[in-house]
Amino acid sequence: MRIGVLTGGGDCPGLNAVIRAVVRKGEGVYGHRFVGFRDGWRGPLTGDMVPLDTAAVRGILPRGGTILGSSRTNPYAAVDGPSLVRENLAAAEIDALIAIGGEDTLGVAARLHAEGLPVVGVPKTIDNDLSATDYTFGFDTAVNIATEAIDRLHTTAESHHRVLILEVMGRHAGWIALHSGMAGGANVILIPERPFDFDKVCAFVEARFATHYSPIIVVAEGATPLAGTLVTRESELDAFGHVRLQGIAQVFETEIRGRTGRDARATVLGHLQRGGTPTAFDRWLATRFGLHAVDAVHEGDFGVMVALHGTRIDRVPLAEATRELKTVPAELYDEAEIFFG
Ligand code: F6P
């Protein structure tokens, strides 16, 4: 078979590990041939591809980013997009496609499969918000980077008796904030799933100072205030119609100063959470996802996504995998709240 591979959406550590595993097993065990499509769905949409063989994937296991490039291109937002994808795949004699991506990239894969395209999905995202898999690769790396940041913020916060606010990614799910905040001993963790009362946040700040320690607030970029407690900014939309989030930590900085008189500083961790080398867990997970994705293609089992359940890798229908976001359940947030203030 001649198999195409693409990586779409926001990049994350572990993408290269998947590509390597797909090619190593696909070529070495099954004798298939591969091409890489450049920059997510832009590759099949425009016919932009590069050769991909075992030599091309040597040495990339620990490397962050993606050797294929990525984009948030949506073929369904382009004129004749899906037809162009089909025509370009046929012209390149592609028998099957492996799409490595999150909700948006795999949502396109699910639609194209429903229209007859032989595609297998691999779940990636630092946000960990895909409901059909216990974990996506990239998440563990992001959590470790955020946890290290919190550890560092604690020591400088204590020196200056300041409130330090850390804004982390995660879009509309609070997984990164919850895991890193608990691991780093944050005094307040705010997530999109639980609208916050800003007066309570200020009360937690004062309670922490009362113990002669300095507060660390971890706020997810998608966290929202209870109506009337804080004014936040409007955001622009991307090609999939999602709001571009960022900036809540700066609002906190100003408002905490104004309301408590305490010195406050914001840190926005941003793309540091997505860059650099994957953790051992993410390399392990990404590699196993790659091995199982190429098995599915080899068996002609299309329209599925590989998923982690416990330590087992299963296949789930793409349509089901992209139906709803996995958000933080109330009981997990309640556990974290024990440590607030
Ligand atoms: O989905 C991954 C993610 O990093 C989100 O956590 C974040 O909201 C978004 O992508 C940022 O996107 P961009 O890289 O386009 O700024």
- hull vol. (C-alpha, convex hull) per residue for the chain, Å³ -> 123
- Task: Counting only C-alpha contacts under 8 Å and six or more residues apart, can you give the relative contact order of the chain as a whole percent?
- Result: 23
- Note on the structure: One finds, for Val231 and Trp284 with R0 = 41 angstrom and r their Cβ-Cβ distance, a FRET efficiency to the nearest 0.05 of 0.40
- Note on the structure: Expressed per residue, the solvent accessible area of the chain in Å² (1.4 Å probe) is about 41
- Note down the accessible area of Met49, probe 1.4 Å, to the nearest 10 Å². 70
- Message: Could you work out [θ]222 nm for the chain from helices alone, using -39500 (n - 2.57) per DSSP H run of at least four and dividing by all its residues? Round to the nearest 500 deg cm²/dmol.
- Response: -12000 deg cm²/dmol
- Note on the structure: Given a Förster distance of 30 Å, the FRET efficiency implied by the Cβ-Cβ spacing of Val50 and Arg323, rounded to the nearest 0.05, works out to 0.35
- Query: Among all the lysines, which ones have a C-alpha under 28 Å from Lys200's C-alpha, if same-chain residues fewer than 8 places away are not counted?
  - Reply: Lys326
- Can you give me the P(r) profile for segment 242-323? Cα pairs, bins 10 angstrom wide beginning at 0, each as a whole percent. 14, 25, 22, 19, 14, 5, 1
- Task: Run the quick spin-label model on Tyr76 and Val243: label points 7 Å from Cα toward the beta carbon, then report their separation in nm to one decimal.
- Result: 2.2
- Task: On a 0 to 90° scale, report how tilted helix 81-91 is relative to the longest principal axis of the chain, with both axes built from alpha carbons and the result rounded to the nearest 10.
- Result: 40
- Task: Over every pair of different alpha-carbon atoms in segment 38-141, take the mean of 1/r and invert it; report that Kirkwood radius in Å.
- Result: 14.7
- Query: Which percent of Cα pairs goes in each bin when the distances of segment 185-311 are cut into 10 angstrom slices starting at zero?
  - Reply: 10, 29, 24, 20, 12, 4, 0
- Query: So if we plug the beta-carbon distance of Arg58 and Glu335 into 1/(1 + (r/R0)^6) with R0 = 41 Å, what FRET efficiency do we get, rounded to 0.05?
  - Reply: 0.40
- From most to least accessible, 1.4 Å probe, no ligand or DNA/RNA atoms counted, Glu193, Glu93 line up as Glu93, Glu193
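The values are calculated or read from the model by the stated rules, or taken from the named source; none is laboratory data. Computed from a prediction, not measured in an experiment: that's the story for all the values here. Positions of Cβ are backbone-derived with ideal geometry, glycine not excepted, and every protein chain shown enters the neighbour counts. Keep in mind that these areas ignore ligands, DNA and RNA; they rest on the heavy atoms of the full protein, side chains included. Shrake-Rupley method; radii C 1.70, N 1.55, O 1.52, S 1.80 Å.
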